[in-house]
Every structure is written in structure tokens, then in C-alpha cells.
1. Classify the stretch 23-173 from the C-alpha gyration tensor, please: rounded if a/c falls under 1.5, else prolate or oblate depending on whether a/b exceeds b/c.
2. Compute the signed sum of charges (Lys and Arg +1, Asp and Glu -1) over the other residues within less than 9 Å, Cβ to Cβ, of PRO101.
3. Given labels modelled 7 Å from the Cα in the Cβ direction, how far is it in nm from LYS25 to GLU123?
4. Report the FRET efficiency, 1/(1 + (r/R0)^6), for THR34 and GLU115, where r is their Cβ-Cβ distance and R0 is 35 Å, rounded to 0.05.
5. Of the listed peptides 71-77, 155-161, what is their order by residue-averaged count of other C-beta atoms within 10 Å, with the highest listed first?
6. If you count only protein heavy atoms and use a 1.4 Å probe, how large is the accessible surface of THR34, to the nearest 10 Å²?
7. Kindly write out, for the stretch 55-64 in residue order, the coupling ³J(HN,Hα) from the Karplus curve 6.51 cos²θ - 1.76 cosθ + 1.60 (θ = phi - 60°), rounded to whole Hz, with x marking Gly and Pro.
8. Can you work out the FRET efficiency for the pair LEU98 and LEU76, with r the C-beta to C-beta distance and R0 = 35 Å, to the nearest 0.05?
Amino acid sequence: QYIRLTSSGKAKYKREFSLANLTKKWNKKWVTLTFDIEEKHRRTRDKLRNKLKSIGFGMLQESVWISPLPIGEEVLELMESFGLSDNTFVMEVSHLLLGNPLDLARRVWHLDTFEEVCNGLIEKLHDRDPKRRRENQQQRDSKKRGLELLLSLPPLPEELLPNCVDDLKKLLL
């Protein structure tokens with residue numbers, strides 16, 4: 001016995017789990033979502049922000065959110081499902097005229113803080129005495145924190161991630 005997705009099931013999977021797009025190489029484009037939702041609809045606005053965070057968007061400004069993932073179509077459907085087609089604009093930006101994409105990602109997803117923690121864990125993991133066969137509790141805790149840190153990474157293309165990510169992966173995996 002086996003289970004097979006139909007073509008409509010595959011389309012639904014891609015739509016429901018848009019982060020599956022992470023396997024694609026970055027096309028150097030940004031999906032940008034802007035919205036203007038009145039204060040009387042605060043709950044809808046907050047729900048939208050939480051949803052955007054959950055699918056990997058980063059807040060550039062309170063009502064301007066960006067993602068390097070190729071999920072523009074999914075975002076359009078999301079806006080329709082929220083009933084926000086009239087209050088939002090979804091754009092695909094092909095390049096920045098001023099500024100560096102790496103700097104943008106660092107600012108929006110607070111990657112400097114991530115990198116500090118990452119480098120600290122790498123130092124702790126390198127401090128291990130190679131003559132000791134068993135890891136001590138501190139070493140195991142550092143590995144656990146390292147794995148948790150990797151899992152907390154925003155869904156960004158490799159080109160936008162701090163260099164320490166590869167080093168940490170090599171030490172942990």
C-alpha cells in the first residue's frame with residue numbers, strides 16, 4: 001500500500017505549506033506586502049501580522065512586510081481569504097535601487113543578534129577536549145541550544161543567512 005498525491009493535492013500542499021519553496025534557489029526578488037487597515041479592524045490587522053510572521057515575512061515597517069521566498073501567489077490568496085484585497089498591495093520587487101540585500105535581511109530579521117548567539121555557541125562547541133570520549137553536560141546543552149537556534153532561523157535563502165550558520169551545522173550535524 002502507498003499514498004500518492006494527486007496534482008490538485010500537490011497544488012494544495014504547495015499553497016498550504018508555502019515554505020516548501022525554500023528548496024528553490026533565490027530568484028533575487030522580494031515579495032512586498034503593504035496594508036492600510038483601520039484601527040476599528042485591529043484584530044484582523046494583528047491576525048494578519050501574526051500570519052505573516054508564521055510564513056516567514058519580516059516587518060520592514062509596521063504595515064510593510066517583506067519576504068525573499070517566491071510566495072506571491074499564496075500571499076494573494078491569503079489576502080483574499082482575510083477579505084483584505086481592497087486594503088493591501090502585494091508586489092514582487094526585482095531589485096533594490098539603494099542598499100544591500102544582506103543588510104536588509106540583517107535588519108528585518110535581526111540577524112546580528114542571531115549571529116552573536118551562533119558564534120558564542122560555536123566557541124563553546126570548539127572548546128571540547130578531543131581526548132575525552134564522553135561529552136560533558138555543558139557540551140550537550142550547547143548542542144541542544146545550537147539545534148534550537150538553527151530551528152529558530154527565519155526561512156531565508158542561504159545567500160542571506162549569516163556565515164556562522166554553516167559552521168554551526170557542521171558542528172552539530
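1. The shape class here is prolate.
2. Values: positive: LYS28; negative: ASP103, GLU159.
Neighbour charge sum, excluding PRO101 itself: -1.
3. 3.7 nm
4. Numbers: r = 29 Å, r/R0 = 0.82.
According to the calculation, E is roughly 0.75.
5. 71-77, 155-161
6. 30 Å²
7. Once rounded to whole Hz, the list reads 9, x, 6, x, 8, 7, 9, 3, 10, 10.
8. Numbers: r = 27 Å, r/R0 = 0.78.
Computed FRET efficiency for LEU98 and LEU76 comes out at 0.80.
The values are calculated or read from the model by the stated rules, or taken from the named source; none is laboratory data. Fair warning: this is a prediction, and the values are worked out from it, not measured in the lab. Glycine gets a Cβ as well: all are built from the backbone with ideal geometry, and neighbour counts include every protein chain shown. Keep in mind that these areas ignore ligands, DNA and RNA; they rest on the heavy atoms of the full protein, side chains included. Shrake-Rupley method; radii C 1.70, N 1.55, O 1.52, S 1.80 Å.
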